[in-house]
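Just below is one structure, and these are the notes that go with it.
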2 protein chains.
Amino acid sequence: MTIKDIAKACGVSVSTVSRVLNNRPDVSESVRRRVLAAVEAKGYIPNNSARDLVRSRTDAIGIVVRGTGNLFFSAILKTVSREIDRAGFTMVPHFIGSDADEVKAGAILEREKKLRGLLFLGGRYDYTPSELALVGVPYVCCSYTNCFGSLDAGDYSSVSIDDYLTAYRAVERLIQLGHRRIAAVVPSCSDRSVSELRYNGYRAALKEHGVEFDPALLAETGGCFEMPATYRGMCGIIERGADFSAVFTISDTMAIAAIKALEDNGRRVPEDCSVIAIDGLPVSEYTIPTLTTMVQPAEEMGMESVSILLKMLEGAPARHLLLEARIREGASIKQV
Amino acid sequence: MTIKDIAKACGVSVSTVSRVLNNRPDVSESVRRRVLAAVEAKGYIPNNSARDLVRSRTDAIGIVVRGTGNLFFSAILKTVSREIDRAGFTMVPHFIGSDADEVKAGAILEREKKLRGLLFLGGRYDYTPSELALVGVPYVCCSYTNCFGSLDAGDYSSVSIDDYLTAYRAVERLIQLGHRRIAAVVPSCSDRSVSELRYNGYRAALKEHGVEFDPALLAETGGCFEMPATYRGMCGIIERGADFSAVFTISDTMAIAAIKALEDNGRRVPEDCSVIAIDGLPVSEYTIPTLTTMVQPAEEMGMESVSILLKMLEGAPARHLLLEARIREGASIKQV
DNA sequence: ATTTGACGACCTCCGCCGGAC
DNA sequence: TGTCCGGCGGAGGTCGTCAAA
């Protein structure tokens, strides 16, 4: 069942059928009706591969999810999927490890699947224009920005929270409660990415409030956001006999692992040690104790990312949206 | 950048490049290397639309994920995505609510995206053949089976654990530890689905070991797997003054919410009450206390689901794989 | 002036035949 | 005789162009 069969059945040319199918004006009403009737009668459906081939453009939007096991991304992904479907596009997801090259993955995806646009869910903060030259379609960085990089702000869009400020406020909250010896478990202090940014917020909050930074209170997990590495990092701080009354981690799952390490070493949370984090996962509202955390507006981030990308496909300029993370008071911090 | 450019650059014919690209045997090793080097150097990627076109079929496999917020599915999804990519197919995901009609969603997806096959991640256990007649491509039910339905076993594949037996074993473990008053929080006792199946396993374990079932120890959440509803259900059992020393829930996240409800009502886990569940999420290894749970082999389920589906696309018969859920001993249960 | 037909290009695969060694 | 490679044509739908009715 091809366009030729329809043409033959109607006694018209292939060109004419194509014109009807694509709603072009230069076809007489009588021929149009005859063709549409034949299409309906024979149940003809145009071959999408052939259409894509000649139009050289699809309805595909790629999503590169960097960091498998990131529960925060899982939440965003569902929103993104829903919004892309709603707009009549097709979502093409691609999951990569947190140490993989998302730009390369996106560029390959773009060409393999003929993407109209790209949405990066997590990535590096220090792109250079030459790196991103690989990407030939509009793209949005969801949950991060290019603050360490050198991209022209007009060349890409981003939707994120202010990582530095959010970390600053989380640590400031601990200081307000009287904490001075505040440990931190972070993937890295200098990864030119989310971890460095939030670490800088931690350092700035200490400094601003006259608290001296103590390297003994810091654990780096070697770039890893996973719970086992976080658990080991927290144990490391404890085992070296460091003196601290609070812990800051850059994600909820890291906080859950850190709390586990504290409890396993005989330190109760929050009685012996306060813990604060950033993310606001649903599950951390049911941990014991309930986690106090800075909630990222996941739903809003997903919606806005897709909305901005779709508008870019229609020629709208790039946008950089900075959303606010609000604290969700739990029971993992207390006054000292 | 097309196959012609590669041919020109290597000084060979288009046919030869095509032969190399498709791993055909009748090409000399030297030419093969030269062509592959040029492909690498120029970053050539074959046009998928053209490939699909000439092969007269697409490379799309649909995934209908039923139940947003299901962390267990998030883990499977990553494995499924990786395996589909590896096999050279394209994954087309579709997320729907846990009360939505996955068959209808799959059928629509199949027509819109011209799918080769479908993978249902979560769904009803009681399909009838007429319902599934909507689906015109091979499909695999991942994480569930049609045990309440009337499908011909040869018409579909499934990869799952034995829900009834797994629940039976979990509850049996509690009985072995001396528990007789075992509460259960389940979405529903009669949803013709996973909840009913696991509830039946709970009831069977009680009966088999001479423990009388007490309706006061049961909470139904109204078909909901979410933590807030589970929390309320658990609180309901406590508030009605029921006497129990252990709780069985059908998922890890439900257990986390149940433990929270217990602790909030002054009952320590496991000292005052043991809790056991089914799933084996990474996060439940870091909750306090560590959850004792029946681990579903998520990685294996994802891999096998894709593997079986791909073989079905090549004409292989349907298969029904029953995987084993092994207990992960935590610290949420104790002897009484 | 309006409508319709014919044609080539787009891109890849694959089977087939022919030539070269 | 066997191995390797070139070349051809058909498959599919769209779209611009040109010619014709």
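Structure summary
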{"item": "Selected residue (only one of A:PRO228, A:PRO270 is assigned by TED's automatic domain parsing to the domain that holds A:ASN200 and assigned to a helix (DSSP H, G or I))", "result": "A:PRO228"}
{"item": "Filtered residue count, region A:45-73, keeping only those that are within 13 Å of DNA strand D (Cβ to nearest atom) and touching an Asp or Glu at 6+ places or on another chain (Cβ under 7 Å)", "result": "2"}
{"item": "Residue within region B:284-307 that is assigned to a helix (DSSP H, G or I) and either more than 17 Å from the chain's Cα centre (by Cα) or farther than 30 Å from B:LEU118 by Cα (or both) present", "result": "yes"}
{"item": "Options B:ASN146, B:ASN70; residue that is closer than 27 Å to B:GLY280 by Cα, outside the structural domain of B:THR253 (by TED's automatic domain parsing), in contact with a Gly (Cβ under 8 Å, 6 or more places away or on another chain) and away from DNA strand C (no atom under 16 Å from the Cβ)", "result": "B:ASN70"}
{"item": "Conditions (1) in contact (Cβ under 8 Å) with a residue 12 or more places away in the chain; (2) under 24 Å from B:ALA331 (Cβ atoms): number failed by B:GLU226", "result": "(2)"}
{"item": "Condition met for B:ALA9 (part of a helix (DSSP H, G or I) and within 9 Å of chain A (Cβ to nearest Cβ))", "result": "no"}
{"item": "Residue ID - farthest from A:ALA258 (Cα to Cα), chosen from residues in region B:267-285 that are within 11 Å of chain A (Cβ to nearest Cβ) and surrounded by fewer than 24 Cβ atoms within 10 Å (Cβ to Cβ)", "result": "B:ARG268"}
{"item": "Residue match in region B:323-332 (condition: more than 10 Å from chain A (Cβ to nearest Cβ), at pLDDT below 95 and crowded, with 18+ Cβ neighbours inside 10 Å)", "result": "no"}
{"item": "Any pair with Cβ under 6 angstrom, 6 or more apart, that starts in region B:21-37 at a residue that is away from chain A (no Cβ under 14 Å) and ends at one that is within 11 Å of DNA strand C (Cβ to nearest atom)", "result": "B:VAL27/B:ARG19; B:VAL27/B:VAL20; B:ARG32/B:VAL20; B:VAL35/B:VAL17; B:VAL35/B:VAL20"}
{"item": "Qualifying residue in region A:188-196 (condition: free of Cβ contacts under 8 Å to residues at least 12 places away in the same chain, within 22 Å of A:VAL295 (Cβ to Cβ) and either surrounded by 19 or more Cβ atoms within 10 Å (Cβ to Cβ) or out of contact with any helix residue (DSSP H, G or I) (no Cβ under 8 Å at 6 or more places or on another chain) (or both))", "result": "no"}
{"item": "Every residue from region B:216-253 that is surrounded by 22 or more Cβ atoms within 10 Å (Cβ to Cβ) and of a type in the set (Val, Ile, Thr)", "result": "B:THR221, B:THR230, B:ILE237, B:VAL247, B:THR249, B:ILE250, B:THR253"}
{"item": "Residue among A:THR79, A:THR58, A:THR2 that is within 16 Å of DNA strand C (Cβ to nearest atom) and within 30 Å of A:SER160 (Cβ to Cβ)", "result": "A:THR58"}
{"item": "Complete set of residues in region B:4-37 that are within 9 Å of DNA strand D (Cβ to nearest atom) and of a type in the set (Lys, Arg)", "result": "B:ARG19, B:ARG32, B:ARG34"}
{"item": "For B:ARG19: the one exception among (1) basic (Lys, Arg); (2) farther than 30 Å from A:PRO93 by Cβ; (3) surrounded by fewer than 12 Cβ atoms within 10 Å (Cβ to Cβ); (4) within 41 Å of the chain's Cα centre (by Cα)", "result": "(3)"}
{"item": "Of residues in region A:12-27 being charged (D, E, K, R) and not in a helix (DSSP H, G or I), the one farthest from DNA strand C (Cβ to nearest atom)", "result": "A:ARG24"}
{"item": "Options B:GLY62, B:GLY43, B:GLY97: the member that is within 14 Å of another protein chain (Cβ to nearest Cβ), at negative phi, surrounded by fewer than 18 Cβ atoms within 10 Å (Cβ to Cβ) and not charged (D, E, K, R)", "result": "B:GLY97"}
{"item": "Subset of region B:229-256 [over 25 Å from B:THR166 (Cα atoms) and hydrophobic (A, V, I, L, M, F, W, C)]", "result": "B:CYS235, B:ILE238, B:ALA242"}
{"item": "Number of the condition not met by A:ILE256 [criteria: (1) out of contact with any Asp or Glu (no Cβ under 9 Å at 6 or more places or on another chain); (2) within 12 Å of another protein chain (Cβ to nearest Cβ); (3) farther than 18 Å from B:LEU71 by Cβ; (4) not acidic (Asp, Glu)]", "result": "(3)"}
{"item": "The lone exception for A:ALA133 - which of (1) of a type in the set (Gly, Ala, Ser); (2) touching a strand residue (DSSP E or B) at 6+ places or on another chain (Cβ under 6 Å); (3) within 14 Å of chain B (Cβ to nearest Cβ) it fails", "result": "(2)"}
{"item": "Test result for A:MET1, within 16 Å of DNA strand D (Cβ to nearest atom), of a type in the set (A, V, I, L, M) and touching a Gly at 6+ places or on another chain (Cβ under 9 Å)", "result": "yes"}
{"item": "Residue under evaluation A:ALA170, criteria (1) free of Cβ contacts under 8 Å to residues at least 40 places away in the same chain; (2) closer than 21 Å to A:ASP272 by Cβ, criterion not met", "result": "(1)"}
{"item": "Odd one out for B:TYR125 among (1) more than 27 Å from B:PRO228 (Cβ to Cβ); (2) away from every other protein chain (no Cβ under 12 Å); (3) surrounded by 19 or more Cβ atoms within 10 Å (Cβ to Cβ); (4) in contact (Cβ under 8 Å) with a residue 60 or more places away in the chain", "result": "(1)"}
{"item": "Failed condition for A:GLY88, given (1) touching an Asp or Glu at 6+ places or on another chain (Cβ under 8 Å); (2) without any contact (Cβ under 8 Å) to a residue 60 or more places away in the chain; (3) buried (at least 18 other Cβ atoms within 10 Å of the Cβ)", "result": "(3)"}
{"item": "Residue list for region B:117-134, filter: assigned to a loop (DSSP other than H, G, I, E, B) and in contact with an Asp or Glu (Cβ under 7 Å, 6 or more places away or on another chain)", "result": "B:GLY123"}
{"item": "Any hit, region A:225-247, residues being within 27 Å of A:ALA298 (Cα to Cα) and charged (D, E, K, R)", "result": "yes"}
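Residue by residue, here is whether (1) within 27 Å of B:CYS235 (Cβ to Cβ); (2) among the aliphatic types (A, V, I, L, M) holds:
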| site | (1), (2) |
| --- | --- |
| B:GLY106 | no, no |
| B:ALA133 | no, yes |
| B:CYS142 | no, no |
| B:THR145 | no, no |
| B:LEU151 | no, yes |
| B:LEU174 | yes, yes |
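The values are calculated or read from the model by the stated rules, or taken from the named source; none is laboratory data. Only a predicted model underlies this, so the values are computations on that prediction, with no experimental measurement involved. Every residue, glycine as well, gets a Cβ built from its backbone with ideal geometry; the counts of neighbours run over all protein chains shown.
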